[in-house]
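Trainee: First, the structure itself, so that you have it in front of you.
The values are calculated or read from the model by the stated rules, or taken from the named source; none is laboratory data. All figures in this text were calculated on a predicted structure; none of them were measured in a lab. In this analysis, Cβ positions are derived from the backbone assuming ideal geometry, glycine residues included, and neighbour counts consider all displayed protein chains.
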Ligand SMILES: C[S@@+](CC[C@H](N)C(=O)[O-])C[C@H]1O[C@@H](n2cnc3c(N)ncnc32)[C@H](O)[C@@H]1O
């Protein structure tokens, strides 16, 4: 027999709790001659059994019904599902902590966070010691902090040698330029890469052009081209992030961003760049969009991970209007532009294949090129010519 204090210490519960158990008839002490209550071995086991049932998520009342064989299966089923969800949440927490400790990949966590809280995600990465350039790249490129440096290095080894860093062609850029309603005097180019469009815009217009990118190596190439073409008087470069374009208010007639605004997110770019435009200025950008309503599962899965903000032209149109622009023209970039982007890229992948065996970046680029070849037409680049209202 056990006194209540002894039973309490054996099962790790308070006297008050045991008295409550007694009130619920879960245990039943016997009053001794000296007035104390005493509990049997059976009571001890009964409390242990209740504790086991509680660890399955049952309430005390449910434990009691269970002991009396009165518990409805649906209650057990409900508790079971609740527990399963709890385990799933805890497993995610475990995976997150382990990725933060550098023990496994944090890719899926970054993907989720980039979707549900894009700005907070970038801020948090900066607090972790990444500069903004790296943070944006983690967001859009590798999305895996632990693999990031190596991934970026490999990625740049492939791309550095290429002339074109995105699907563009002289014909498409010229077509977009000709759709402008006025001749611009000042153009700001964002994410100019090695300056293919910069040079063409300089040829097509007599505007002063500031070509920006956050990759100095690419800007060095643009500088060479500016010199070769004697354009130093009106074309200049600046190494600056697209999120920190500190040129002052209403300075440009046109902002030109081919295959670059996605880096900071289209809606963000529409909002942040607007004040740089003069009153009736125009934002010209190209972006990857869905071109059909029912793309293949392969394409959906790929872009869900690599560009989760991939939208239809109609969605982009309403975002443009909501941000205070009038969409004046839009057209799909030609297949020729794609070919002049991915054919040299494919050739480059062949060149580096033996030197970069097992590189995740190379495998990802391969996968993307394969998708271009199999599914182009389901998605594609689209030019948007939007006038500030
Ligand atoms: C897909 S490439 C497009 C380049 C070029 N506009 C074209 O169409 O060939 C994206 C460009 O954006 C630049 N970029 C990436 N992040 C940037 C950032 N945070 N600020 C400015 N430029 C950035 C890259 O260096 C690269 O040149």
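Trainee: So residue 13 clears everything in (1) loosely packed, with under 13 Cβ neighbours inside 10 Å; (2) more than 30 Å from residue 109 (Cα to Cα) except one condition, right? Which one?
Mentor: (1)
Trainee: Does the range 189-197 contain at least one residue that is surrounded by 21 or more Cβ atoms within 10 Å (Cβ to Cβ) and more than 31 Å from the chain's Cα centre (by Cα)? Reasoning before the result, please.
Mentor: To start, the set of residues in the range 189-197 that are surrounded by 21 or more Cβ atoms within 10 Å (Cβ to Cβ) comprises 189-197.
Now drop any that are not more than 31 Å from the chain's Cα centre (by Cα), which leaves none.
No, the range 189-197 contains no residue that is surrounded by 21 or more Cβ atoms within 10 Å (Cβ to Cβ) and more than 31 Å from the chain's Cα centre (by Cα).
Trainee: Which condition number does residue 204 fail, the rest of (1) under 35 Å from the mean Cα position of the chain (by Cα); (2) surrounded by 13 or more Cβ atoms within 10 Å (Cβ to Cβ); (3) more than 10 Å from the ligand (Cβ to nearest atom) being met?
Mentor: (1)
Trainee: Filter the range 252-275 down to the residues that are more than 14 Å from the ligand (Cβ to nearest atom), touching a helix residue (DSSP H, G or I) at 6+ places or on another chain (Cβ under 9 Å) and under 18 Å from residue 174 (Cα atoms) and list them by number.
Mentor: Taking the range 252-275 and keeping what is more than 14 Å from the ligand (Cβ to nearest atom), we get 252-254, 267, 270-271, 274-275.
Filter once more, so that each one left must be touching a helix residue (DSSP H, G or I) at 6+ places or on another chain (Cβ under 9 Å): 252, 254, 267, 270.
The one that is more than 14 Å from the ligand (Cβ to nearest atom), touching a helix residue (DSSP H, G or I) at 6+ places or on another chain (Cβ under 9 Å) and under 18 Å from residue 174 (Cα atoms): 254.
Trainee: Another question about this same structure. Return the residues of the range 219-237 that are within 25 Å of residue 153 (Cβ to Cβ) and in contact with a strand residue (DSSP E or B) (Cβ under 9 Å, 6 or more places away or on another chain); say none if nothing qualifies.
Mentor: 219, 220, 222, 223, 237
Trainee: Got at least one residue in the range 239-247 being within 25 Å of residue 123 (Cα to Cα) and away from the ligand (no atom under 12 Å from the Cβ)?
Mentor: So in the range 239-247, the residues within 25 Å of residue 123 (Cα to Cα) come out as 239-247.
Narrowing further to those that are away from the ligand (no atom under 12 Å from the Cβ): 246-247.
Yes - at least one qualifying residue is present in the range 239-247.
Trainee: Any chance you could count how many residues in the range 147-171 are in a helix (DSSP H, G or I) and more than 10 Å from the ligand (Cβ to nearest atom)?
Mentor: Qualifying residue count for the region: 14.
Trainee: Out of curiosity, is residue 199 in a helix (DSSP H, G or I), without any contact (Cβ under 8 Å) to a residue 60 or more places away in the chain and within 14 Å of the ligand (Cβ to nearest atom)?
Mentor: Taking the combined requirement at face value, the residue satisfies it.
Trainee: Using the structure shown, decide if residue 222 is within 12 Å of the ligand (Cβ to nearest atom), at pLDDT 95 or above and under 27 Å from the mean Cα position of the chain (by Cα).
Mentor: When the stated conditions are applied, residue 222 does not pass them.
Trainee: Can you pull out every residue in the range 340-389 that is assigned to a helix (DSSP H, G or I), surrounded by fewer than 16 Cβ atoms within 10 Å (Cβ to Cβ) and out of contact with any helix residue (DSSP H, G or I) (no Cβ under 8 Å at 6 or more places or on another chain)?
Mentor: Matches in the range 340-389: 343, 344, 347, 350, 351, 363, 370.
Trainee: Could you pull out the residue among 208, 244 that is within 26 Å of residue 272 (Cβ to Cβ) and touching a residue at least 60 places away in the same chain (Cβ under 8 Å)? Don't jump to the end; show me each part of the working.
Mentor: Numbers: 208 fails: touching a residue at least 60 places away in the same chain (Cβ under 8 Å).
The unique qualifying residue is 244.
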